[in-house]
Amino acid sequence: MDMDADLRRRIAELEAERRRVFDEAQREADTMFAQYQLSQLLASGDPLEPLADAVLAEIGRATGAGAAALWLASPAGGPVEIVATAGVDRGADLPARLPDAAAVAAWARARGWFGVALEESRGAAGRGVAREAIGFVAVAPAPGTALDPAHTRYLGLVRRELGLAFRSAQLRDSLAGERATLAAILEGASDAIVAVDPDLRIVRLNAAAARLVGRPAREAVGCTCATFLGCGDGPDRLCGARCPFAEVIAGGRAIASREELVRHRDGTEIPVSASYAPMTGTHAGAVAVFRDLRADRALDDLKSSFVATISHELRTPLALISGHAQSLLHLDLDAEARRRHLVQIGAAVDRLTTLVDEVMDISHLESDGFVLHRRPVDLAGVIRAFAAEQAELPGAPPVAVDLADNLPKVDVDPVRLHQVLANLAANTAKYGGRGARITIRARRPDQEMAVVTFADNGRGIPPEEQEHAFQRFFRGQAVRESRVPGSGLGLYICRRLVEAHGGWIRLDATTRGTSISFGLPVEVPRGRVAGRALPAPAVGAGATARGDGAGAPASAAGGADRDGTPTTGDPVAGPGR
Amino acid sequence: MRIGPPVDGRPATGNDDETLGAGDVVAFLRRAAAAIARHEELLDRLDAALGDGDHGTNMRTGLEAVLRSLGEQAAPGDGAEPGEILRRTGHVLVESVGGASGPLYGTAFIEAGFALDGRRQLDLAALADGLDAGRRALARRGRCAVGDKTILDALDPATTALSTAAASGCGLRVGLRRAAHAARDGMRATTPLVARRGLALRLGERSRGHQDPGATSCYLLVWAMAARRDPPLMEG
């Protein structure tokens, strides 16, 4: 039975061989499958951080390691930094930053870690490909075990795939970051930005563009620039041959700032300064930047009125002085006549001084360095003293006071409070005529504000002019025609001073005369408030003006308080400002 | 490979209720294909939450390929043994199922087939051995452990249940039903787990709250082994 035994031995050998080949094939297949699973993660397109975490977990599992760590250089070069770890804390004596991958390799060797440098290929096939180490991945055996070379071998097989995937993830992340930054810049720009494709359809616009024409941004994308900007209508329409978008797309040359009109959804024409630039590449078309010129125009108007008012107000007293001086020089006058001329010259000089003081006040009020010297002030005392002072002043209208018993101390600069009262009284004196009388009433309607009402029996302010009463340089028509000199700054200065205190000022509805109320903050026992920077003036402020204090009552003079919204900027208070 | 001669011109089925023959294995695969096809959408939906969203489609395609290969190569009467049918099935799955589940299920079927080599009739103990060989192969190839939120979370308890039933002298049908119940419980228990293998690894904590599609398809396969009828439709 040797034959039979031999045969059986031979069969057993073949069976064992078959199993050995099978097992070997299975190990190969295991490695391939591990690579496959890793490649699935690498192809996920995830951002660097989750990708690195997942890949390290996978590598740790595939190599049977107890810990794994990844270092990468940034795409811009420089040192390699630790990006992710698995099975070990990042802080736990792993080097956070080393000069290059070779330094990590040296560290890993010294610590008994196994690792491979990750490579990135540069260049193109056939034209010389350079490989560059961009990072390092290392694994450590679990305590009390050793790494199996059959498992770690796979790391060497995937080093390039790892390098490519991590570098791509870094570039994707930085691209996403740049896109977010650009989007934030675009959205945050105060100028309107609109991009169109070659068919003049809007492909991108920012929030300022939507605001400029009063249309929601989501409605704009896809519609033509003519529809969106309203330049398709009207006699000055830019559409067709004169379209600047079409011009820059066709000519490929930018157009620098040019004045144009765009149309708000409500039909208003808005003057803008427009610049156009062509876009090339995958996103061909043109982009335009529109700057709303309305604020500039308003500022220009303001400057013009300033120059006109001031020069007029300067010229009148100067002409008077000149005239009286000529008389004194050329006429043979007696002492009494000379004195009359000198009195007239003195009055004209006083007017000039007042004007210069007001201009100085404005410039002071609008500078950042304006400081209020606030302290708790007895409101009733200030008003009584002011009334007494007016009684002493020759030609000043008499002042009656009506003060509540519970008037608090107010938190104000007493010099500035006096200035407000004096400006208001000066208006009555100027425009009230003979028999003008003033009543100053003070009340405390709530815990936070004291309200002072300054009323006279003068000619009042016509309803149509009330809206502008507190604006710079504004003078009513009747006042202008009355030939009473004035700069149009008195009420504006009052408003700015009251607002600087965090108060408000408004015109009251009256049947006769003028009634102006202003609110002042009640003193609250707390640390000293050194001062308060002034809010910036608002162009076109309404008749009711208020700061950050308690709101003005909603029922104000007819048409004066249009919407009750704050008309000034944010008056940020703070010691030391 | 030892391929026996045809017995009586029909695929061998168990001659009693306590063993399974080649014909029973073919019937199992047909039921498995039907069960997977009925639940293709559910499996895709489960996979969409954790992976590529194509597990159901991949598995259906793969099992259709298995049925075709059975038709071509293991026609009734060619005398194939159960082990060989399982090995062929494994190879077809590796070749035709996309994603990781092809190699994983394929490996399990191939190794189970190897373990059952030379047996024409499979009793409960043999089935338990085969399933255990498949379980170990799948765990090795996938480098996964119980609790990783994988196929293994259904396969492992099913294997244990089958072995326990065999050791305690249970009947074949009872043992298979216990395995199916254990697979179902294992499948359901994957929902609160955090995935530690496969694409779902990227999700970390966000993988909680989703039932694992691999464990679900595995339950369907074990169920097909135990059942004699078409599978009931699972709600997903």
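Since every read-out is calculated from the coordinates, none of them should be taken as a lab result. Keep in mind that what you see is a predicted model, and the values were worked out from it rather than measured. Ideal geometry is used to build each Cβ from the backbone, glycine not excepted, and the neighbour counts take in all protein chains shown.
Annotation for A:A404 and A:D296: the two label points, set 7 Å from Cα along the Cα-Cβ direction, are 5.0 nm apart. Residues whose amide H falls under 5 Å from that of A:V401, counting only those 5 or more places apart or on a different chain, are A:I440, with hydrogens built in the peptide plane. Within 10 Å of the Cβ of each residue in A:14-23, the mean number of Cβ atoms contributed by other protein chains is 1. Distance between the C-alpha centers of the range A:346-396 and the range A:157-220? Whole Å please. The two parts, judged by their Cα centres, are 55 Å apart. For the range B:22-226, the alpha-carbon coordinates run over 49, 39, 28 Å along the three principal axes, in decreasing order. Annotation: amide H-H contacts under 5 Å for A:V158 (H modelled 1.01 Å from N, sequence separation of 5 or more, or interchain): none. Taking other C-beta atoms within 10 angstrom as a stand-in for reagent exposure, A:E259, B:E84 fall in the order A:E259, B:E84, fewest first.
State whether the range A:100-160 is rounded, prolate or oblate according to the following rule on the C-alpha gyration tensor (a ≥ b ≥ c being the square roots of its eigenvalues): a/c under 1.5 gives rounded; otherwise a/b larger than b/c gives prolate, and the remaining case gives oblate. It is oblate, given that a/c is not under 1.5 and a/b is not larger than b/c. Residue by residue along B:110-118, Cβ atoms of other protein chains within 10 Å of the local Cβ number 1 on average.
The alpha carbon convex hull volume per residue for the range A:297-365 rounds to 67 Å³.
When peptides A:411-422, A:148-159 are ranked by their average number of other Cβ atoms within 10 Å per residue, the highest-first order is A:411-422, A:148-159.
A simple packing score, the average count of other Cβ atoms within 10 Å per residue, orders the peptides A:470-476, A:102-108, A:130-136, A:248-254 as A:470-476, A:130-136, A:102-108, A:248-254, with the highest score first.
Computed as a quarter of the hull surface, the mean projected area of the alpha carbon convex hull for chain A stands at 51.7 nm². Geometric descriptor of the range A:1-134, per residue, is 189 Å³ (volume of the convex hull of the Cα atoms).
As a calculated quantity, the FRET efficiency between A:A43 and A:D23 at R0 = 35 Å, using C-beta atoms, amounts to about 0.70.
Ordered by the number of other Cβ atoms lying within 10 Å of each residue's own Cβ, fewest first, A:K430, A:K303 fall into the sequence A:K303, A:K430.
In sequence order, the range A:439-455 has phi-based couplings of 10, 10, 10, 9, 9, 10, x, 8, 5, 9, 10, 10, 10, 10, 10, 10, 10 Hz under the Karplus curve 6.51 cos²θ - 1.76 cosθ + 1.60, θ = phi - 60°, and Gly or Pro positions carry x.
Is the shape of the range B:92-212 best called rounded, prolate or oblate, per the rule: a/c under 1.5 gives rounded, else a/b larger than b/c gives prolate, else oblate, with a ≥ b ≥ c the square roots of the Cα gyration tensor eigenvalues? Since a/c reaches 1.5 but b/c is at least a/b, the shape of the range B:92-212 is classed as oblate. Taken over the Cα atoms of the range B:18-70, the convex hull encloses 79 Å³ per residue. In terms of the mean number of neighbouring beta-carbon atoms within 10 Å, the peptides B:181-194, A:11-24 order highest first as B:181-194, A:11-24. Would you mind checking the tilt of helix A:101-111 against the longest principal axis of the Cα atoms of chain A, expressed as 0 to 90 degrees and rounded to 10? So the helix axis and the longest Cα principal axis differ by about 60 degrees.
Here the 3J(HN,Hα) profile of the range A:318-328, calculated from phi with Karplus coefficients 6.51, -1.76 and 1.60 at θ = phi - 60°, is 5, 5, 4, 4, 4, x, 5, 5, 4, 4, 4 Hz, Gly and Pro shown as x. Partner shielding of B:199-205 amounts to 5, given as the average count of beta-carbon atoms from other chains within 10 Å of each residue beta-carbon. Between 0 and 90 degrees, the angle of helix A:490-500 with respect to the longest Cα principal axis of chain A falls at about 40 degrees. With no solvent and one point per C-alpha, what does the Debye sum give as log10 I(q)/I(0) for the range A:189-292 at q = 0.20 Å⁻¹? For the range A:189-292 at q = 0.20 Å⁻¹, log10 I(q)/I(0) is -0.98. Modelled spin-label separation between A:A478 and A:A180, with each label point placed 7 Å from Cα along the Cα-to-Cβ direction: 6.3 nm. Express in whole angstrom the spacing between the alpha-carbon centres of the range B:149-205 and the range A:407-463. What the calculation gives is 88 Å, centre to centre. Which of the three applies to the range A:30-92, rounded, prolate or oblate, going by the alpha-carbon gyration tensor with a ≥ b ≥ c and a/c under 1.5 meaning rounded? Here the range A:30-92 falls in the oblate category. Between A:R204 and A:A195, the built amide H atoms are under 5 Å apart, and every one of these is 5 or more places off in sequence or on another chain. Between the Cα long axis of helix A:159-188 and the first principal axis of chain A there is an angle of about 10°, rounded to the nearest 10. What the phi angles of the range B:17-32 give under the Karplus curve with 6.51, -1.76 and 1.60, with θ = phi - 60°, is a coupling list of 7, 9, 9, 10, x, 4, x, 5, 5, 4, 4, 4, 5, 5, 5, 4 Hz, glycine and proline written as x.
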